[in-house]
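Values in this text are rule-based calculations from the coordinates and carry no lab data. Just so we're clear, the structure is a prediction, and the values are computed from it rather than from any experiment. Cβ placement follows ideal geometry from the backbone for every residue including glycine, while neighbour counts extend to all protein chains displayed.
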Amino acid sequence: MILYALWFAFGCFGLAMLCCLYRVIVAPGLTDRVLALDTLTINVIALITLFGILHGTSAYFEAALIFAMFGFVSTVAFAKFALRGDIIE
């Protein structure tokens, strides 16, 4: 039963990633694109975690944590660029 739930979750998160990718490409402003990229990062973290559950190993969870850290730093850098036009002061 858990296998069917995992595959359903893979499909749902895959569809959510496609919607976010569409929003990254078609968004009217920079802030909308940053928000869509942040949401895409969260969906990728969820997919990596689901792969870890499916394969029963903790290596995927560590990869999800590293991806979360990089996603947070990139979101902050994009937000700072949107506000000031420069990342490094």
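Picking from residues in region 53-89 that are among the hydroxyl-bearing types (Ser, Thr, Tyr) and part of a helix (DSSP H, G or I), the one that is surrounded by the most Cβ atoms within 10 Å (Cβ to Cβ) is Tyr60. A search for C-beta distances below 8 Å between a residue of region 34-56 that is farther than 13 Å from Gly71 by Cβ and any residue that is of a type in the set (Gly, Ala, Ser) and assigned to a loop (DSSP other than H, G, I, E, B), counting only pairs 6+ apart in sequence or on different chains, returns Gly52/Ser58.
Do we have Leu50 as in contact with a Cys (Cβ under 8 Å, 6 or more places away or on another chain) and either crowded, with 17+ Cβ neighbours inside 10 Å or not aliphatic (A, V, I, L, M) (or both) here? Criteria not met by Leu50.
For region 23-52, filtering for residues that are assigned to a helix (DSSP H, G or I), over 14 Å from the mean Cα position of the chain (by Cα) and either over 20 Å from Leu3 (Cα atoms) or of a type in the set (Ser, Thr, Tyr) (or both) leaves 5.
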